[in-house]
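Visitor: The following block contains the structure, expressed as structure tokens.
The values are calculated or read from the model by the stated rules, or taken from the named source; none is laboratory data. In this text, all values refer to a predicted model and were calculated from it rather than measured experimentally. Cβ placement follows ideal geometry from the backbone for every residue including glycine, while neighbour counts extend to all protein chains displayed. Heads up: the accessible areas ignore ligands, DNA and RNA and are worked out on the full protein's heavy atoms, side chains in. Shrake-Rupley method; radii C 1.70, N 1.55, O 1.52, S 1.80 Å.
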Amino acid sequence: MRVTVLIPAHNEAKQITETIASLRGQERRPDQIVVIADNCTDATAAFAQLCGVEIVGTRGNRHKKAGALNQVLDRLLPIFGPNDAIMVMDADSALDPGFIRHGVGYLATGRYAAVGGTFTGKPGGGAVGMFQRNEYARYARDVRRLQGKALVLTGTATIFRATTLQEVVAARREGRLPGLPHVYDVRVLTEDNELTLAILHLGFRILCPMECTLTTEVMPTWRDLARQRLRWKRGALENLVDYGWTPITRPYWGRQLLSLIGILVIAAYLASLAYSAIWLGGIKLIPLWAGVTVIFMIERVVSVRQRGAVQMALASTIVVEMIFDVFLQMVQARAFWQAAWRKERKW
């Protein structure tokens with residue numbers, strides 16, 4: 001298969017060379033690398049050009065990553081055939097050496113329409129960065145346990161059959177899928193999640209195999225993380241509303257229900273601790289919550305063991321990681337609120 005890599009980049013001068021270097025270092029190198037310089041005001045295009053890749057600038061794009069990709073895909077897809085694959089990856093990601101070789105190998109079997117990856121976090125970000133790296137390690141572990149049956153083809157890096165994306169465009173044009181006749185739906189906040197739902201609703205299969213791994217940037221501050229996760233969580237909710245209740249979306253709706261239950265459980269747990277501390281003069285050990293605490297502690301420790309003994313020790317305290325968990329639950333609650341009241345969508 002011929003592999004064309006598309007890298008949408010907006011002011012990514014600090015990381016674009018590392019991203020391209022990870023592609024150059026692949027065991028199976030891509031046949032073409034295209035950096036899509038989207039409304040850049042820094043040296044992203046200049047650095048990419050020094051790396052010897054093709055540069056394409058967007059024209060009048062107001063739809064961020066999705067719009068930038070659509071401008072290029074609208075030109076490429078009509079000339080691509082069944083032996084073409086298109087890889088879309090973020091400009092702040094770096095592939096491990098075997099990613100493309102294994103990804104193309106799975107596509108070549110004919111069983112899958114797209115192959116995504118699992119990721120770890122790059123260094124940096126202090127405590128908030130540490131929490132994200134632990135979270136990503138747990139996500140990768142869950143995907144491995146499910147033998148690559150991930151719910152979302154993330155934008156960090158995914159390889160698509162060109163014919164799959166052509167079918168998505170045709171289905172949108174015919175009204176079988178929501179959105180205008182482009183690969184990405186520019187109306188949504190989470191274009192990668194929406195495209196995953198589109199591919200699954202067309203009856204295709206996807207995979208995130210354990211061999212396809214990469215590293216990606218972590219958010220450096222709590223504010224940046226809150227903004228990112230609010231977009232992810234609200235976008236996922238609105239994607240489900242667009243597609244409704246179908247055999248494909250039922251597991252996704254189930255996860256949203258579990259998230260809502262999680263918010264209520266965390267709130268009840270913290271409320272019981274506060275009640276004991278304030279009204280009973282100290283923390284009183286209640287058997288129910290003691291059992292929940294032990295189960296939670298074991299899960300935290302086991303699921304992060306890939307990150308080493310230090311992170312396992314921190315996880316065992318519960319209190320440290322509880323900060324991050326409560327933070328995410330608050331963002332999730334805000335996403336539910338904004339989606340319910342149709343607040344203005346913001347990137």
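Visitor: Can you give the FRET efficiency to the nearest 0.05 for residue 149 and residue 109, using r as the Cβ-Cβ distance and R₀ = 25 Å? Mind showing how you got there, number by number?
Guide: Numbers: r = 16 Å, r/R0 = 0.63.
The computed FRET efficiency comes out at 0.95.
Visitor: Would you calculate a helix-derived [θ] at 222 nm for the chain, using -39,500 (n - 2.57) for each DSSP H run of n ≥ 4 and dividing by the full residue count, to the nearest 500?
Guide: -17000 deg cm²/dmol
Visitor: Cut-off 10 angstrom, C-alpha nodes, Gaussian network model of the chain. Which of 120, 163, 41 fluctuates the most?
Guide: Fluctuation is largest for 41.
Visitor: To continue, here is another question. Between residue 221 and residue 288, what length in nm is gained on full extension when 0.36 nm per residue of separation is reduced by their alpha carbon distance? Don't skip to the end; give the middle numbers.
Guide: Values: separation 67, 0.36 × 67 = 24.12 nm, distance 3.53 nm.
My answer for the length gained is 20.6 nm.
Visitor: For region 8-55 and region 180-241, what is the separation of their C-alpha centers, rounded to whole Å?
Guide: Here the answer is 22 Å between Cα centres.
Visitor: Between residue 57 and residues 5 or more places away or on another chain, which pairs have amide H atoms under 5 Å apart, with H built 1.01 Å from N, and which residues are they?
Guide: It is 37, by chain and number.
Visitor: Spelling out what I want: for every residue of region 266-279, take phi, set θ = phi - 60°, compute 6.51 cos²θ - 1.76 cosθ + 1.60 (Karplus), and round to whole Hz; glycine and proline get x.
Guide: In residue order, the calculated couplings are 4, 4, 5, 4, 5, 5, 5, 5, 4, 4, 5, 5, 8, 9 Hz.
Visitor: I'd like the antiparallel share, as a percent to the nearest 5, of DSSP beta bridges with both residues in the chain. Present the calculation step by step, with values, prior to reporting the outcome.
Guide: Values: 11 of 32 bridges.
If I count the DSSP bridges inside the chain, around 35 percent turn out antiparallel.
Visitor: For a quick check: with amide H placed at 1.01 Å from N, whose amide H comes under 5 Å from residue 150's, ignoring anything fewer than 5 positions away on the same chain?
Guide: For residue 150, whose amide H was placed from the backbone, the distant partners under 5 Å are 208.
Visitor: For 337, 253, 279, give the ranking by accessible area with the largest first, probe 1.4 Å. Walk me through the numbers before you get to the answer.
Guide: On the way: 337 145, 253 70, 279 190 Å².
The most accessible residue leads, giving 279, 337, 253.
Visitor: Separate question: Rolling a 1.4 angstrom probe over the protein heavy atoms, how many square angstrom per residue are accessible across the chain?
Guide: Value for the chain: 49 Å² per residue.
Visitor: For Cα extents along the principal axes in Å, the listed values are (1) 72, 42, 41; (2) 58, 47, 36; (3) 87, 70, 38; which was obtained by calculation from the structure presented?
Guide: Calculated Cα extents along the principal axes in Å: the matching label is (1).
Visitor: Moving on to the next point. Can you run phi through the Karplus equation (6.51, -1.76, 1.60; θ = phi - 60°) for region 29-36 and list ³J(HN,Hα) in whole Hz, with x for Gly and Pro?
Guide: Computed from phi, the couplings for region 29-36 are 6, x, 7, 8, 10, 10, 9, 9 Hz.
Visitor: Taking only C-alpha pairs under 8 Å that are 6+ residues apart, what is the relative contact order of the chain in percent? Kindly include the intermediate steps, with their values, before the conclusion.
Guide: Numbers: 557 pairs, mean separation 59.3, N = 347.
Here the relative contact order equals 17 percent.
Visitor: Check which residues have an amide H placed less than 5 Å from residue 122's amide H, if you skip close sequence neighbours.
Guide: 216, 217, 218
Visitor: Calculate one ³J(HN,Hα) per residue across region 100-110 by plugging θ = phi - 60° into the Karplus curve 6.51 cos²θ - 1.76 cosθ + 1.60, and present them in order as whole Hz with x for glycine and proline.
Guide: 5, 4, 6, x, 5, x, 5, 5, 5, 5, x
Visitor: Leaving out ligands, DNA and RNA, what percent of the accessible area of the chain is carbon and sulfur, probe 1.4 Å?
Guide: 61
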